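Working notes for the structure below.
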Amino acid sequence: MASPYIAWAVIFIVVPLAMVIYYGVTDNSGALTFENIARISESGYLKALYRSILLAFISTLICFLLAYPLGMILSSMKLTRNTYLVTLFILPMWMNFLLRTLTWMTLLEGKGVINTILEFLHLPTINIINTSGAIVLGMVYNFLPFMILPIYNSLSRIDDNIINAARDLGADSLQTFLRITLPLSVPGIISGITMVFIPALTTFAISTMLGGSKILLIGNIIEQQFTQVYDWHLGSGLSIVLMIFILLNMIIESVSDKEGGIF
């Protein structure tokens, strides 16, 4: 019965990855080479990779700072997954990713909705479109639900008896949070970080639309190699570098989870 799923995985996961690896370690003549991967050390590509890691890190941190308090509020209200409030945070995920980002373009552009309202109120306008701030804003908006849900699920599984026992033994609210709530929610935190950091690191649509193609991330460069330059070898080589970062992230998550968290 598993054969359809195995066939699906082979066709749409294994084969594409094998093609990327093949093109990444070969040249136009088909000879084995690691030059495509080594070109990540060039200043332009290295700068784009550094910028991608930095913006992905900032976006992930902001998502965590927003999601954790919200997860605590939702879990304290004893909500179920079918309640309207939890659904409200999942609702943006039902809309097309590009449409959500296009909405922010309409809001943030020079003559957009926000600046129009500010002009009407005789307030200074903002010029955030085509900046790193706009890209981070787009990442946080699009990926925040992926941080909220695992943290909320992790917090909602904590038995109230454990919290009550800690308080009965004299622990105050801060001690209970640092020694009980936070350590027990580490699996959800790690899952949320992984689900936000990886897509933020590899994105190119958000930076293209909100950055105006003026701020190139490593995802933009890879996308251009495939769709504009038609250099599949270099594009695949740079993709392998990104895959290495993703694998490292997954290894850190696996190790932390086996050790019972990082606290």
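The values are calculated or read from the model by the stated rules, or taken from the named source; none is laboratory data. Bear in mind that the values here come from a model prediction, so they are computed numbers and not experimental data. All Cβ positions, glycine included, derive from the backbone under ideal geometry; neighbour counts span all protein chains shown.
Taking each residue of region 220-241 that is free of Cβ contacts under 8 Å to residues at least 60 places away in the same chain and looking for partners that are in a helix (DSSP H, G or I) and buried (at least 17 other Cβ atoms within 10 Å of the Cβ) with beta-carbon atoms closer than 6 Å, six or more apart or interchain, yields ILE222/GLY235; ILE222/LEU238; ILE222/SER239; GLN225/LEU234; GLN225/GLY235; PHE226/GLY235; ASP231/GLN225. For region 1-57, the candidate set comprises residues that are in contact with a His (Cβ under 8 Å, 6 or more places away or on another chain) and surrounded by 11 or more Cβ atoms within 10 Å (Cβ to Cβ); within that set, the residue that is farthest from ILE198 (Cα to Cα) is ASP27.
Pairs are defined by a Cβ separation below 8 Å, a sequence spacing of at least 6 or placement on different chains, a first member in region 13-41 that is in a helix (DSSP H, G or I), and a second member that is among the acidic types (Asp, Glu); the pairs so defined are GLU35/ASP27; ASN36/ASP27. Checked against (1) within 17 Å of ALA200 (Cα to Cα); (2) at pLDDT below 90; (3) of a type in the set (Ser, Thr, Tyr), TYR50 passes all but condition (2).
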